[in-house]
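Working notes, beginning with the structure itself.
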Amino acid sequence: MPAGLNRALLTLAGAVVAIVLAIAVCSVAIVAAGGDPLHALTAFFDFGASERAQSNSVATLFNRAVPLFIAGLAVAIGFRMNLFNIGVEGQYRIAAICAAYVGSTFVAPAPIQIAVIIVVAMVVGGLYALIPAIMKVTRGVNEVIATIMLNYIAINISAYLVRGPFAGARAEGELTVSTPPLPDSGMFPDLNFVFGWFGMLAPTREGGLWGFLVVAIVLGVVLWVVLERTRFGFDVKASGLNQSAALAAGVNPKRMVIAAMVLSGAIAGLIGLPEVLGSTGSFGTTFTSGLGFLGIAVALLGRNKPAGIAVAALLFAFLDRAQGPLQFANIPPSVIEIIQGVIVLLVVVANEVTNRFALRLEERRAARQLKVTA
Amino acid sequence: MSADTLATARPAVELEGITKRFPGVVANHDIRITVRPGTVHAIVGENGAGKSTLMKILYGMQRPDEGTIKVNGEQVSFRTPSDAIAAGIGMVHQHFMLADNFTVLENIVLGAEPRKGLNLDTGAARRRITDLAAAHGLRVDPDRLVEDLGVGDRQRVEILKVLYRGARILILDEPTAVLVPQEVEELFQNLRELKSEGLTVIFISHKLDEVLDIADDITVIRRGTTVASVDPREVTARRLAELMVGSELPTPETRESTVTDKVALKVAGLTMEADGHRPVPKGTSITAYVDKLRQDGRRLLLDDVSFEIHKGEILGIAGVEGNGQSELIEAIMGIRQAHGDVELDGRDISSWSTLKRRESGIGYIPEDRHRQGLLLEASLWENRVLGHQTRKPAKNGPWVDRKAAKADTERIIGEYDVRTPGVDTLALALSGGNQQKLIVGREMSGEPSFLIAAHPTRGVDVGAQAAIWDHLRNARAAGLAVLLISADLDELIGLSDTIQVIYRGRLVAALDPSDITPERLGGYMTGAIAGTEEE
């Protein structure tokens, strides 16, 4: 339908304008930091000199995008009904350590081993998100504050667990601590063979291209179906668009808060798994942090839609990957964070502007069409 | 001041050809009003006639697409309310904008605080407020907390707030809607006082007797445009009403009675507390508990409301807005908790969820379609699904049946004459009347046995109004029980088989619409005539 296409094109145009503007703003920042913007721009596309290095760069990009994508999905579910789950950060960390630990305690055939790990991660993440949900529906506690506070608790609990009860054996001279390693059956098969299709060398860094990418894609599709085609998705949309109308239509707001929060937390539980199952095989003190917070930006950028979130996650991963090359080009890598921040801000503004513009257009179009038929 | 002598010649406010379009609707069209200084100028019109938009334009909250505004003879262009305030225009909103936990003084100076260094100069503020209050006969105690004040006092604070900012032209938006008769009289006394001080008052209302009482000039607005300027001494309420609604207005008359003896909805002892629902303590009966609430002097939004609606009957609820109508609807819908029993087709549904109530055959046309009736930013077919998400044709197992929902939306568009480019159009692109027809069509779907129709024709054009009345009548003939709540007394009298009057949360009178006039009904609604059946 042309109306929908119109809106999509407008959104795209808004995003492009925002990104171009962000690059302009950052060029100023780079010049201020004493660098050369053009130099920096080439650094973003510098995937390395050797073929192996290029493969590794591509794998790194996707490996970074997958957890960001999942984090974006987790945040987006809440956002779609104006429920702000800021606690994705804590939910994924506590889920990742529990899953990594449980997975290391037994050995089973690979599908079962991996399925158990995934289920544990989702259950832990979902349960942890259930806490703020219950606080909200029974006592009206604002979920933003509750989830932020629960982040600190989760981060500290996982720090304690990894040093204490869940700590694995430490090798001689090793400074970091981690959970016991997963058995081989717990490692997700990699996707390095895909590189062969494009005539590239298989990547070698950090386990190559993590197989969890497949799970992420399936998750994205399933979530799209749930949100766009099912009754539950309709209830989420109605609650997000008009709380009072949803209530009058018989949508139980409390049940929706709990369902959306738990689903959000369960998905958040998966954020750490690509790394655990694809590379480290354990949760350690050096485990990647901050994915939950980045997920908020990714969800905003992707307008809470799975396809948009995928694009946003790839964009963020693309920017993140350039940290190394930027340093080689003598440009402070924190420029990337400036770019990311500016893009998110500008896109949020652009979204608002294009959204209003699109609605206005729609109204005009309807009025015009009616005049023709009348 | 020389400005005063000039002002007698120049109109205080002059609106010329004001037009304001919203997408799909023209809210104001070629409005012309001339307000003489030092007078009370009433602007009357039905709900949705465009009065509020006009006032928002005059107060700088919205900009007109066409037309000019002159204040004291000078052309102005307001971008924000502060521009209007700077030009000496002040607005007293229908819904008070006061901070409850502040004192009267603090509320009045809020945003325009006199300072002494970095501190609030309370002394100067108090002097100024006392002077203003004395000069205009507006009695208030500057040190009382606003939360302790009654409605009439709050309104005086609002007026003082506006005067404090130096306004010489006051806009009062439906100021009497929230007042009891004595307070209205007091307000009018204040307005006369203001007038004698040379201030100009623009008074928006749809209560004709009040307008005739207070106004020096009257401008009538109908369907977004000014249709007449009349002198209150030369016009009757009847004539004014005709001007307001237009003579082409179809009368909503139900023909022969279709009332059956089968009870569709029974409500017994419905009671709602003002300060939050509490469960009845164990071992206490509801009546004893409610009696105790009353003895404690606690405010009840609904006080022992009981009635029955039979199949094929329309029960009209008359009442001044804010006397418990919304609460009654929400209690029946299960949106708000209340004590007492609700029975649908003989089944006790008091403990059911809103969803279950809807599924078992309650249709609901909400009083505010944008708030409770529509997802404005969703398509028409999605709006068709709203409230029917668990029923055919919208659902198919866990899925939303898009195809069936769209097909059924097409049916509603055809049967209810919803003017729209298609089912994928967003609801916000439709005019109010078409949105309302869609809602009526939706709520009539799935063969409801009981329908709540709250202000079903508010803010819709005359054509849509007639169509909606027809649909209600036909459904009634087919055995539907309807609870009709309306501020339009002609609609109530014309459609209802029985009329109950609600006043301060109580049903105070049961009346026969065949021998009641709007005037007498108005008497019951304001509590001026005591109930016939109670006490």
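Bear in mind these aren't lab numbers, they're just calculated from the coordinates by the rules spelled out. Computed from a predicted structure; not experimentally measured. Please note: Cβ atoms are built from the backbone with ideal geometry, for glycine as well, and neighbour counts cover all protein chains shown.
Structural remarks
- Percent of C-alpha pairs per 10 Å bin, chain B, short to long: 3, 16, 25, 25, 19, 9, 2, 0
- Restraint check, B:LYS51/B:LYS207; B:LYS403/B:LYS437; B:LYS56/B:LYS207; B:LYS266/B:LYS311; B:LYS70/B:LYS195; B:LYS266/B:LYS292, Cα-Cα greater than 23 Å: B:LYS266/B:LYS292
- Averaged over B:348-357, number of beta-carbon atoms from partner chains that fall within 10 Å: 2
- FRET efficiency for B:GLU321 and A:THR138, using Cβ-Cβ distance with R0 set to 22 Å, rounded to 0.05: 0.05
- If R0 is taken as 35 Å, the Cβ-Cβ distance between B:SER229 and B:ASP512 corresponds to a FRET efficiency of 0.35.
- Anisotropy class assigned to the protein assembly as shown is prolate, per the alpha carbon gyration tensor with a/c at or over the 1.5 cut-off and a/b larger than b/c.
- Of the DSSP H helices in chain B, those whose Cα atoms cover at least 15 Å axially and whose Kyte score averages -0.5 or more: B:122-136, B:151-164, B:462-477
- As a proxy for reagent exposure, B:ASP83, B:ASP217, B:ASP304 were ordered by neighbouring Cβ count within 10 angstrom, fewest first; the result is B:ASP83, B:ASP217, B:ASP304.
- Share, in percent, of DSSP beta bridges within the protein assembly as shown that are antiparallel, nearest 5: 55
- The label point for A:LEU130 and the one for B:ARG402, both projected 7 Å from the Cα toward the Cβ, are 3.4 nm apart.
- Peptide B:422-430 is shielded by partner chain Cβ atoms: per residue, an average of 5 of them sit within 10 Å of its Cβ.
- Ellipsoid equivalent to region A:1-155 - semi-axes via the Cα gyration tensor, in Å: 36, 26, 18
- Taking 18 Å as the straight-line reach from the Cα of B:LYS116, the aspartates and glutamates in range (excluding those fewer than 8 positions away in the same chain) are B:GLU106.
- Per-peptide packing, taken as the mean over residues of other Cβ atoms within 10 Å, places A:60-66, A:194-200 in the sequence A:60-66, A:194-200 from highest down.
- Long-range HN-HN contacts of A:THR204 with modeled amide H, under 5 Å: A:ASN56
- Cα gyration tensor shape of chain A, rounded if a/c is under 1.5, else prolate or oblate by comparing a/b with b/c: oblate
- Dipole moment magnitude, nearest 20 debye, the protein assembly as shown about Cα centre, only Lys, Arg, Asp, Glu C-beta charged: 2240
- Descending semi-axes in Å of region B:2-245, equivalent ellipsoid built from Cα gyration tensor: 30, 20, 17
- R0 of 56 Å, Cβ-Cβ distance A:THR42-B:ARG115: FRET efficiency to nearest 0.05: 0.45
- Cβ neighbours within 10 Å from other chains - mean over B:381-388: 4
- Amide N of region A:17-58 lying under 14 Å from the label point, which is placed 7 angstrom from the Cα of A:SER334 along Cα→Cβ: A:29-30, A:32-34
- Near the amide H of B:LEU480, within less than 5 Å, lie the amide hydrogens of B:GLY312, all on another chain or at least 5 residues away, with H placed in the peptide plane.
- Taking 0.36 nm per residue of sequence separation and removing the Cα-Cα distance, the A:TYR152/A:PHE106 pair yields an extension gain of 13.6 nm.
- Tally of Lys pairs whose C-alpha atoms are under 30 Å apart, taken over chain A, 8 or more apart or cross-chain: 6
- Overall form of region B:324-461 per C-alpha gyration tensor (a/c, 1.5; a/b vs b/c): oblate
- If you take the Cα centroid of region A:50-79 and the Cα centroid of region A:242-265, the two points sit 31 Å apart.
- Chain B - mean residue ellipticity at 222 nm from DSSP helices (-39,500 (n - 2.57) per run, n ≥ 4, rounded to 500): -9500 deg cm²/dmol
- About its Cα centre, the dipole of region A:1-89 is roughly 320 debye, where the only charges are +1 on Lys and Arg Cβ and -1 on Asp and Glu Cβ.
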